Amino acid sequence: MIIGEISAVWEHADLTERTIEHLWMFSVALVIAVILGVTIGIVLYRHRSWAEPALNGLNALETFPDMALLILLIPIAGIGEVPTIIACIIYSLLPITRNTYTGLVSIRQEIVDTGTALGLTEREIVRKIRIPIALPMIAGGIRIAIVFTMGIVTLGGIIGAGGLGAPLQTGIMLIIPPLIITTGLWVGILAVILDGCAGIVEKRLTVRYGEW
Amino acid sequence: MVAPEVVIAATLQQVVLVYASLAVSIAVGIPLAVAALSSRTLERTIITFANLVQAIPTFAVVAIVVPLIGIGFWPAIFAIMLRALLPIVKNTWIGLSSVDPAAIDAAAGLGLTHWQTTRYIRFPHAYPAMFAGIKFAAILANSVAILTAIIGSGGLGTLVFEGLAGINVTTMLAGALPAIGIAIMLDVSFTRLEHRLTTGEQGRQTSTTPS
């Protein structure tokens, strides 16, 4: 009976479609955030003096309430998917950039010296030594970003981005408990699964690259 | 145009929401962290559960509260608390459990009971981590408190949602900008408080050390 009710709600609210929208926004935002975050992390590693102001700035952005950030983006980017994805990226930059930078910087000097002794250039040391050793840290940052992105994509439903936040909002506005519970639990399960997968990847990388 | 007194009233409501939920979270979170010290199973259950809840999107937490306990101020406080609890529990627990075992042994050797050890050895050691957790929770509470306006908590989110419904950017910003102001104030004031309390604690410790 419960399963019947859930599938009725599912059909009616078109949750398959909403889930695809949701995961689409999530993936686009995460891919861009990872590319940008890792790049900025590497740039900050090259120019150490920029690191502190840049990380402080990102830290300050991070204290902004996510809803307020979405609202600030409306006059600039309108409503819908675009401001939602931009907000996800802004929020995810700090954990990814900070972890990339910290991972690259906090490597034991002996390992770098060994690389130099083997005749590696500075660029090769970054690519073949620093980045692999930083991978577990970077993965940790991406895992935090996954949780943030999932949260903000869900909020996007409020500013017309679709995804699973939209049926949640409908449920609250029209007070439809079955819709709220089905969608809410489904979003929760999706988020926990994604976080769990990221956790497994992080652990594998730590086992592989963490014992230096 | 939004009347200034409306914005001020909403800001005050927002501050009340943040501090009320923060107080409840601290009152629930610190005992949970202390309880986690007493048994391995309890520790695992509390930390696993807290981590799981953390991964769930805020909007889903706020929404699920509605069919469970309804709408209004208290359901909102409950939703915010669910969010703010994890950083407090986790940081306090990390602080309490990362004490040097030698210090615990020394305390036992001096004849301190379990509670005395927790109170005089573990807690002073845990303060910096604990305050970092509370600061993070306060900022999180401010962010969730905007969203809970959708379930009738009042606060700055009311203006945000009013603006969204009427497609009125001024009203939206009248809600969003003070919320950002509160976030920055919370960050600065808690950082200062943290600084003062932790350095004060260290000062007291050194002053009681016989020379």
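Out of all the residues in segment B:50-62, which are more than 7 Å from chain A (Cβ to nearest Cβ) and small (Gly, Ala, Ser)? The one that is more than 7 Å from chain A (Cβ to nearest Cβ) and small (Gly, Ala, Ser): B:Ala50.
Taken over segment B:139-192, the criterion of being within 13 Å of the chain's Cα centre (by Cα) and either within 15 Å of B:Val62 (Cα to Cα) or more than 10 Å from every other protein chain (Cβ to nearest Cβ) (or both) is satisfied by B:Leu140, B:Ala141, B:Asn142, B:Ser143, B:Val144, B:Ala145, B:Phe190.
Of everything listed in (1) touching a Ser or Thr at 6+ places or on another chain (Cβ under 9 Å); (2) facing chain B (nearest Cβ under 9 Å); (3) not basic (Lys, Arg), the single unmet condition for A:Ile172 is (1). Does segment B:119-129 include one or more residues that are more than 9 Å from chain A (Cβ to nearest Cβ), assigned to a loop (DSSP other than H, G, I, E, B) and over 25 Å from A:Ala60 (Cβ atoms)? No, segment B:119-129 contains no residue that is more than 9 Å from chain A (Cβ to nearest Cβ), assigned to a loop (DSSP other than H, G, I, E, B) and over 25 Å from A:Ala60 (Cβ atoms).
There is no residue in segment A:193-209 that is closer than 18 Å to A:Ile158 by Cα, of a type in the set (Phe, Trp, Tyr) and either in contact (Cβ under 8 Å) with a residue 12 or more places away in the chain or more than 10 Å from chain B (Cβ to nearest Cβ) (or both). The set of residues in segment A:61-93 being away from chain B (no Cβ under 13 Å), in contact (Cβ under 8 Å) with a residue 40 or more places away in the chain and either surrounded by fewer than 23 Cβ atoms within 10 Å (Cβ to Cβ) or among the aliphatic types (A, V, I, L, M) (or both) consists of A:Glu81, A:Ile85, A:Ile89, A:Leu93. Within segment B:89-114, residues that are under 26 Å from B:Val24 (Cβ atoms) have Cβ atoms under 6 Å from residues that are of a type in the set (Asp, Glu) and at pLDDT 90 or above in no pair, counting only partners at least 6 apart in sequence or on another chain.
Contact map, segment A:40-60: first residue within 14 Å of chain B (Cβ to nearest Cβ), second residue surrounded by 12 or more Cβ atoms within 10 Å (Cβ to Cβ) and assigned to a helix (DSSP H, G or I), Cβ cut-off under 7 Å, separation 6 or more or different chains; pairs are A:Leu58/A:Leu93; A:Leu58/A:Leu94; A:Leu58/A:Thr97; A:Asn59/A:Leu94. Against the test of being without any contact (Cβ under 8 Å) to a residue 24 or more places away in the chain, farther than 19 Å from A:Leu94 by Cα and among the hydroxyl-bearing types (Ser, Thr, Tyr), the options A:Thr183, A:Thr116 yield a single qualifying residue, A:Thr116.
Scanning segment B:63-76 for residues that are crowded, with 21+ Cβ neighbours inside 10 Å and more than 8 Å from chain A (Cβ to nearest Cβ) yields B:Val65, B:Ala76.
Filtering segment A:115-134 for residues that are in contact with a Cys (Cβ under 9 Å, 6 or more places away or on another chain) and either among the aromatic types (Phe, Trp, Tyr) or part of a helix (DSSP H, G or I) (or both) leaves an empty set. Please indicate, with yes or no, whether at least one residue in segment B:24-34 is more than 19 Å from B:Ile151 (Cβ to Cβ) and not hydrophobic (A, V, I, L, M, F, W, C). Among the residues of segment B:24-34, at least one is more than 19 Å from B:Ile151 (Cβ to Cβ) and not hydrophobic (A, V, I, L, M, F, W, C), which makes the answer yes.
The values are calculated or read from the model by the stated rules, or taken from the named source; none is laboratory data. None of these values were measured; they are calculated from a predicted model. Cβ coordinates were reconstructed from backbone atoms using ideal geometry, including for glycine residues, and neighbour counts include every protein chain displayed.
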